[in-house]
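All remarks here apply to the structure that follows.
Each reported figure results from applying straightforward, stated rules to the coordinates on display, with no laboratory input. Computed from a prediction, not measured in an experiment: that's the story for all the values here. With ideal geometry, Cβ positions are generated from the backbone for all residues, glycine too; neighbour counts draw on all protein chains shown.
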Amino acid sequence: MARENRFRKPEFQEKLAKARGYERDSRLRFRWKRAAVLALILAIVYFLTVSQRFLVKTAVVSEPGPSAEQIKDVLSRMQNEHLLYVIPKNHILVLNKSSLLSEIQQELPEVRSIKIFKKKWPNGLGLALEEREPIYVWQTGAKYFLLDQDGVVFQEIPTYTPEVFSQILIVDSTVAPVKNGERLPISSILGFIEQIRKDWTTSINQTNYSHFSIPGVKSQDIFARTAIGFNVIFDLEAGPKQQLESLSLILSREIRQETYTGLSYIDLRLSDKAYYCYKDAPCAPEYATSTNPSL
């Protein structure tokens, strides 16, 4: 009876009412927090997928290089492509230097790198682009392409004339097809050719080179066509300077100068000897790569 009377006391009833109110307030605060989190999620989804405010559509591009209009076309195409099926690739939060370069090179293979990449909130972009340097001309069959220092094919030449294009000509005798933007696995070949070019004038005074050719990108043989008309066959895995010294010796001591025009080739691929062949000799196929010709 005393316990029941205690429960009926005003002090107890007041505490009970406060506890019930606290429970209601806690539930209300939880609902508000959940609603706020949901609203934040919806806002993020909106700004990532629906809002146009954060989509990079134009860029300020420093000269020289592609125009701002060309970059705008790339960004427009990126807007139609999505990450995780919902986020446009040109959204300022997901757009980055590497992804933009990849997209630019699909349409503009002459772009080598992005030197400056600066985002300007909320949808601006500042760029400085590096263009490829046309150091070589790559010939395969009847087609000619500009080739840069990285071995990347980046522009087809509709009409090739040596007088217009002063770059070093490299001929792929296998006539393997190539396409713009393709990186050829020829870094060692280009390095060897550059060393030959550097040392030729100091080692050889009888004739100059006119162009180079290779029997495929995986070949170890490099052919240098001389201005006189004969080929010099080099071994990619041997030292270029040593092979040029051998060439100098054979031209000055073994072959008479008045017979240079009758030469078909000089083969320097063996370390202890060199072979040479005249055009009217049985050993005179123009490109001899699989067998060693006799004297």
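Here is how the numbers come out for the structure above:
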| quantity | calculated |
| --- | --- |
| Chain lengthening between ALA284 and LEU249 when straightened (0.36 nm per residue, less Cα-Cα) | 10.4 nm |
| Calculated over segment 158-293: convex hull of Cα atoms, volume per residue (Å³) | 129 |
| Fewest-first sequence of CYS277, CYS283 by Cβ atoms within 10 Å of each Cβ | CYS283, CYS277 |
| Karplus (6.51, -1.76, 1.60) ³J(HN,Hα), θ = phi - 60°, over segment 61-74, in Hz, Gly and Pro reported as x | 10, 6, 8, x, x, x, 7, 4, 5, 5, 5, 4, 5, 5 |
| Distant-in-sequence amide H partners of LYS57 (H built 1.01 Å from N, under 5 Å) | none |
| Kirkwood Rh, Cα atoms: Rg over Rh of segment 60-131 | 0.94 |
| Segment 149-275 - share of DSSP beta bridges that are antiparallel (%, nearest 5) | 65 |
| Nonlocal Lys pairs with alpha-carbon distance under 23 Å, segment 136-278 (8 or more apart, or different chains) | 6 |
| Interchain or long-range residues, amide H under 5 Å from VAL94's placed H | none |
| Taking TRP121, TRP200 and counting other C-beta atoms within 10 Å, the order from fewest to most | TRP121, TRP200 |
| Which of PHE117, PHE154 has the fewest Cβ neighbours within 10 Å, and the rest in rising order | PHE117, PHE154 |
| Nearby aspartates and glutamates by direct alpha-carbon distance to LYS72 (threshold 19 angstrom, same-chain neighbours under 8 apart not counted) | GLU63, GLU81, GLU103, GLU107, GLU110, GLU130, GLU131 |
| Amide hydrogen neighbours beyond the local backbone of TYR144, cut-off 5 Å, H modeled | ILE157 |
| Using θ = phi - 60° and Karplus 6.51 cos²θ - 1.76 cosθ + 1.60, couplings along segment 256-265 (whole Hz; Gly, Pro as x) | 6, 4, 5, 9, 4, 5, x, 6, 8, 7 |
| Column: log10 I(q)/I(0), Debye, Cα scatterers of segment 172-245, q = 0.18, 0.28 Å⁻¹ | -0.72, -1.44 |
